[in-house]
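Report on the structure given below.
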Amino acid sequence: MPPARPLTLVTGASAGIGAAFARDLAARGHDLILTARRAERLESLAGELRARHGCTVTVLPADLADPQAVHALCDAIAQRGLAVDWLVNNAGYGVPGTFEANEWATHEAFIRVLMTAPAELAWRLLPGMRQRGYGRIINVASLAGHVPGSAGHTLYAASKAYLIKFSQSLALENRHLGVHVCALCPGFTWSEFHDVTGTRELMNKLPKFMWQTAEDVVREGYDAVEHGDIVHVTGGVNRFIKALTKLLPDRLALWLSARESKRYRALEATH
Ligand SMILES: NC(=O)c1ccc[n+]([C@@H]2O[C@H](COP(=O)([O-])OP(=O)(O)OC[C@H]3O[C@@H](n4cnc5c(N)ncnc54)[C@H](OP(=O)(O)O)[C@@H]3O)[C@@H](O)[C@H]2O)c1
C-alpha cells in the first residue's frame with residue numbers, strides 16, 4: 001500500500017522536467033526532497049509548493065558530479081529520519097562537440113551526473129523501498145537512447161541507452177516487491193536543456209510538432225510508472241520515430257544518423 005503522503009526525491013529539480021515533476025507530484029499529495037546545484041531556485045520552488053499544496057519540502061543542494069555527493073545526500077536524508085518512496089533520477093545535460101574536443105574532466109563529470117549518480121541513488125534508496133514493500137523509481141532517459149548514436153554529444157545517447165537497460169533489469173528484480181521502475185524517454189522537450197548546451201537557436205528551427213512541454217512529459221511519466229510500464233517513450237511523434245528506427249536495418253539507421261549529425265554540425269558552424 002502506498003503511504004498516505006509518499007515522499008519523493010527529485011534530482012535536477014531547479015528547472016525543466018525536474019521542476020515539473022516536483023509541481024505535479026506536490027499537487028498529487030506527495031512530500032518532496034529537491035536537489036540540484038542552484039539552491040536559491042530550489043528554495044523558491046519549495047516556497048511555492050508549500051504555499052500552494054501545504055506539502056513538506058526539504059531542500060538539499062548537491063553537485064552530482066562530486067563523487068561524494070550521493071553518499072552525503074543520502075546521509076542528510078537519513079539524519080532527518082526521512083524514507084524516500086519515489087526517486088526521480090532526472091538531473092542531466094548535454095556536452096556539445098565531439099569526444100576528443102572535450103577535456104576528460106568534462107566527460108568524467110557527465111558520467112557521474114548522468115550514469116553513476118542515478119545508479120548510486122537507486123542502490124542506496126532501494127533497500128528501504130523493498131523493505132516497506134512500496135517504491136517508484138523513474139529514470140529520465142531519452143528517445144536518444146533508442147536511436148543510433150550521433151556524431152557529437154558522444155556520451156549522451158550512450159548514457160541514455162544505459163539508463164534504459166539499467167531500468168529494465170532493476171524493474172525485473174523488484175516488481176514482485178511493490179517497487180516499479182520506469183525509464184521515461186522524452187524527445188524534444190521545452191526546458192532549459194538547450195540553453196545550457198547552447199543549441200537553443202538551432203533547436204528553434206525544428207518544427208513545433210516535434211516538441212512536448214515538460215508538464216506533458218511528467219504526466220505521461222506518472223501514468224507509466226503507476227501502470228507498471230518499464231520503458232515509456234513520451235508523445236506519439238517520438239513513439240513513431242522509435243518504431244521506425246526498430247524497423248530499419250542497422251546500417252540504414254546509422255546512415256541516417258550520420259546524415260543528420262552532418263546537417264546539425266553544418267548548422268552549428270553557422271551559429
Ligand atoms: N529537454 C529535452 O529535450 C530532453 C529530452 C530528452 C531527455 N531529457 C532529459 O531530461 C532530464 C532533465 O533535463 P531538462 O530538459 O529538464 O533540462 P534543464 O531544464 O536544463 O534541467 C536540468 C536539471 O539538471 C540539473 N543538473 C545539471 N547538472 C547537475 C549537477 N552537476 N548536479 C546536480 N544537478 C544538475 C540542473 O540543476 P542545476 O543547474 O541547478 O544544478 C537542472 O535542474 C535530463 O536528464 C535530460 O537528459 C531532456
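The values are calculated or read from the model by the stated rules, or taken from the named source; none is laboratory data. Small disclaimer: the values here were computed from a predicted structure and weren't measured. Ideal geometry is used to build each Cβ from the backbone, glycine not excepted, and the neighbour counts take in all protein chains shown. To get the accessible areas, we keep the full protein, side chains included, count just its heavy atoms, and leave off ligands, DNA and RNA. Shrake-Rupley method; radii C 1.70, N 1.55, O 1.52, S 1.80 Å.
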Where Glu220 falls short, out of the listed (1) within 12 Å of the ligand (Cβ to nearest atom); (2) of a type outside the set (A, V, I, L, M); (3) in contact with a Ser or Thr (Cβ under 6 Å, 6 or more places away or on another chain): (1)
Of everything in segment 26-55, what is out of contact with any Leu (no Cβ under 8 Å at 6 or more places or on another chain) and near the ligand (Cβ under 9 Å from one of its atoms)? Give them in sequence order. Arg37, Arg38, Ala39, Arg41
All but one of (1) open to solvent by 10 Å² or more (accessible area, probe 1.4 Å); (2) of a type in the set (A, V, I, L, M, F, W, C); (3) in contact with a helix residue (DSSP H, G or I) (Cβ under 8 Å, 6 or more places away or on another chain) hold for Trp86; state the number of the condition that does not hold. (1)
In segment 127-164, anything more than 16 Å from the ligand (Cβ to nearest atom), under 18 Å from the mean Cα position of the chain (by Cα) and without any contact (Cβ under 8 Å) to a residue 60 or more places away in the chain is listed as Gly135
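Name the residues in segment 198-242 that are aromatic (Phe, Trp, Tyr) and touching a helix residue (DSSP H, G or I) at 6+ places or on another chain (Cβ under 9 Å), would you?
First, the residues of segment 198-242 that are aromatic (Phe, Trp, Tyr): 209, 211, 222, 240.
Those that are aromatic (Phe, Trp, Tyr) and touching a helix residue (DSSP H, G or I) at 6+ places or on another chain (Cβ under 9 Å): Phe209, Trp211, Tyr222.
Results for (1) aliphatic (A, V, I, L, M); (2) in contact with a strand residue (DSSP E or B) (Cβ under 9 Å, 6 or more places away or on another chain); (3) open to solvent by 20 Å² or more (accessible area, probe 1.4 Å), shown as yes or no for each residue.
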| site | (1), (2), (3) |
| --- | --- |
| Ser142 | no, yes, no |
| Pro148 | no, no, yes |
| His153 | no, no, yes |
| Phe166 | no, yes, yes |
| Leu170 | yes, yes, no |
| Cys182 | no, yes, no |
| Cys185 | no, yes, no |
| Glu192 | no, no, yes |
| Thr199 | no, no, no |
Only one residue in Arg28, Arg37 is more than 21 Å from Val225 (Cβ to Cβ) and either open to solvent by 20 Å² or more (accessible area, probe 1.4 Å) or in contact with a helix residue (DSSP H, G or I) (Cβ under 6 Å, 6 or more places away or on another chain) (or both). Which one? Arg37
As an exercise: evaluate His176 against (1) open to solvent by 50 Å² or more (accessible area, probe 1.4 Å); (2) touching a residue at least 12 places away in the same chain (Cβ under 8 Å); (3) farther than 19 Å from Ser150 by Cα and give the number of the one condition it does not meet. (2)
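For the structure I just gave you, tell me whether Asp195 is within 11 Å of the ligand (Cβ to nearest atom), without any contact (Cβ under 8 Å) to a residue 60 or more places away in the chain and either farther than 23 Å from Asp24 by Cα or part of a helix (DSSP H, G or I) (or both). Full working, then the answer.
Numbers: within 11 Å of the ligand (Cβ to nearest atom): yes; without any contact (Cβ under 8 Å) to a residue 60 or more places away in the chain: yes; either farther than 23 Å from Asp24 by Cα or part of a helix (DSSP H, G or I) (or both): yes.
Against the criterion (within 11 Å of the ligand (Cβ to nearest atom), without any contact (Cβ under 8 Å) to a residue 60 or more places away in the chain and either farther than 23 Å from Asp24 by Cα or part of a helix (DSSP H, G or I) (or both)), Asp195 qualifies.
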List the residue pairs whose Cβ atoms are under 8 Å apart, where the first residue sits in segment 77-98 and is closer than 12 Å to Leu121 by Cα, the second is part of a loop (DSSP other than H, G, I, E, B) and more than 15 Å from the ligand (Cβ to nearest atom), and the two are 6 or more positions apart or on different chains. Ile77/Val84; Trp86/Pro6; Trp86/His30
